[in-house]
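The values are calculated or read from the model by the stated rules, or taken from the named source; none is laboratory data. Just so we're clear, the structure is a prediction, and the values are computed from it rather than from any experiment. Using ideal geometry, Cβ is built from the backbone for each residue, glycine included, and neighbour counts are taken over all protein chains shown. With ligands, DNA and RNA removed, areas are computed over all heavy atoms of the protein, side chains included. Shrake-Rupley method; radii C 1.70, N 1.55, O 1.52, S 1.80 Å.
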Amino acid sequence: MIEIKRFTIEDKSIAEQAFSIRRKVFVDEQGIDPNLEYDKEDQSKHYLLLLAGKPIATARWRETEKGMKLERFAVLPEFRNRGFGEIILEEVLKDVKLKGKTIYLHSQVRAVPFYERNGFHKEGKMFVEAGIEHYYMKFNG
């Protein structure tokens, strides 16, 4: 059974489950500095995807001067390529579409095909963020 919880950082126990996923994916696996990884948490709306009660994926979004920025999409390695990223992305999009503003994200190069399959397109040149190559991508939907 799949369940998606929406939360803010005030929900400490749920936040810690999501942050644990992000720590494993971004800090441990990709070597991102924890000081860069954990920022703007209080400005963001967060999501946690559970499979049979086990936290396996997370994401967040926040409003910026450019629109609605989707961020921190992370799926535990053993659950990747099984559709869970798309499930959590659909939930996030369902919420941010209601705002009627530009929806965008900074995609790691290796994730570009995933976002292209899900309605985003690249704009501009590749750039480096947190030591990793990215593209600015905008939602077409």
Pick the calculated P(r) over Cα pairs in 10 Å bins from 0, in percent for this structure from [x] 11, 45, 39, 5, 0; [y] 11, 38, 28, 16, 7, 0; [z] 11, 28, 21, 15, 14, 10, 2? [x]
Computed for the chain: size of charge dipole around the Cα centre, +1 on C-beta of each Lys and Arg, -1 on C-beta of each Asp and Glu, debye to nearest 20, value 420
The stretch 82-141 - percent relative contact order, Cα under 8 Å, separation 6 or more: 34
Taking the chain as a Gaussian network, where each spring joins two C-alpha atoms under 10 Å apart, which residue of 72, 110, 22 fluctuates the most? 110
Of 69/138; 5/94; 97/125; 69/122; 12/97, pairs whose Cα-Cα distance is over 20 Å: 97/125; 12/97
Expressed in angstrom and rounded, the centroid-to-centroid distance over alpha carbons for the stretch 89-141 and the stretch 13-28 is 21
Between 21, 57, 35, whose Cα lies farthest towards the positive end of the dipole of the stretch 1-97 when Lys and Arg beta carbons carry +1 and Asp and Glu beta carbons carry -1, centred on the Cα centre? 57
Counting sequence-distant residues (5 or more places) and residues on other chains, those with an amide H built under 5 Å from that of residue 68 are 102, 103, 104
Taking all protein chains as present, what is the carbon and sulfur share of the accessible area of the stretch 1-127, in % to the nearest whole number, probe 1.4 Å? 51
Cut-off 15 Å between beta-carbons: net charge of the residues surrounding residue 110, Lys and Arg +1, Asp and Glu -1: -1
Could you sort the peptides 64-70, 125-131 by per-residue average Cβ neighbour count (10 Å cutoff), highest mean leading? 64-70, 125-131
